[in-house]
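The values are calculated or read from the model by the stated rules, or taken from the named source; none is laboratory data. A quick note: this is a predicted structure, and the numbers were derived from the prediction, not measured. When we count neighbours, we look across all protein chains shown, and the Cβ atoms used for this are built from the backbone with ideal geometry, even at glycine. The area values use the complete protein model at the heavy-atom level, side chains included, leaving out ligands, DNA and RNA. Shrake-Rupley method; radii C 1.70, N 1.55, O 1.52, S 1.80 Å.
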Amino acid sequence: MVSGIRDYDRKRHTIFVGSCAPAPLWEMIPALSSLYPDLTISSEIRDSQVLFQGLQDGVYHTIVLPYPVESSGIFCQKYKEEHLFFSLPPAHPLSGSKALSLKDLDGETMLLRAQLGFWNRVTDAKMPNTHFIVQEDAAFNELVKASALPSFTSDLVIQREGEAPNRVTIPIKDEEANVTYYCCCLMKSKALMRFLTQEAV
């Protein structure tokens, strides 16, 4: 009973956010913290279907999906876009390209960030023969600086962390590599989305 009471109290003082990818959380969490300084902001990255079901079940107060939702009782609004790029060493044979497809590097060995959410499904589907060396953020950034292996970056990563040194950034032209994120919440919680007026593009 005590555990149940504590859990109920925690939920009353916590905003639960679920996202399909890490980048949307980078500005959303600080924005929510600023708007609701007395509340704890808890976030996690999960599959889109899990997120939508969790929103309907009351697990999340707001979620971020890579597609819009039209459903009764759900408020959904465009939040941000993210565009994926290859980050190549200058000596790579494709480093002079103006744009590339994901299949152009299929079969190579690449560095990959951990916990990418839905982006993992994109790379698995489009680059089935690629060997990915998965690393957490801190180790990933250091390896990119020291390695001659290709990797991914995005406009939102560059905006946050800057361009990686001694790297050539090349746009990826696949439709799947260019995504629009949407924030969704229950219609009764629409007031929670005030941060969209500050952060939306």
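Give the peptides 76-89, 162-175 in descending order of average Cβ contacts within 10 Å, highest first. Before the final figure, lay out the partial values.
On the way: 76-89: 18.9, 162-175: 14.6.
Highest-to-lowest ranking by the protection proxy: 76-89, 162-175.
If you run the Gaussian network model on the chain, springs between alpha carbon atoms under 10 Å, then out of 107, 117, 18 the most flexible one is 107.
Ranked from largest, the principal axis spans of the Cα set of region 1-129 equal 62, 30, 28 Å. For residue 53, the shell of other residues with beta-carbons less than 11 Å away shows a net charge of -1, using +1 for Lys and Arg and -1 for Asp and Glu. For region 77-105, the residues whose amide N sits under 14 Å from a probe point set 7 Å from the Cα of residue 133 along the beta carbon direction are 89.
In plain terms, if you count all Cα to Cα distances in region 82-147 and split them into 5 Å steps from zero, the share in each step is 3, 15, 26, 28, 21, 6, 0 percent.
With a Cα cut-off of under 30 Å and a minimum spacing of 8 residues unless on different chains, the lysine pairs in the chain number 26. When the surface is traced with a 1.4 Å probe over the full set of protein chains, residue 106 keeps roughly 50 Å² accessible.
Extending 7 Å from Cα along the Cβ direction at residue 148 and again at residue 166 yields two label points whose distance is 1.1 nm. I'd like the orientation of helix 23-35 relative to the chain: the angle between its Cα long axis and the longest Cα principal axis, in ° from 0 to 90, rounded to 10. Roughly 30 degrees between the two axes. Please check: in the Gaussian network model of the chain (C-alpha springs, under 10 Å), which one of 31, 191, 23 has the largest mean-square fluctuation. Looking only at 31, 191, 23, the largest GNM fluctuation is found for 191.
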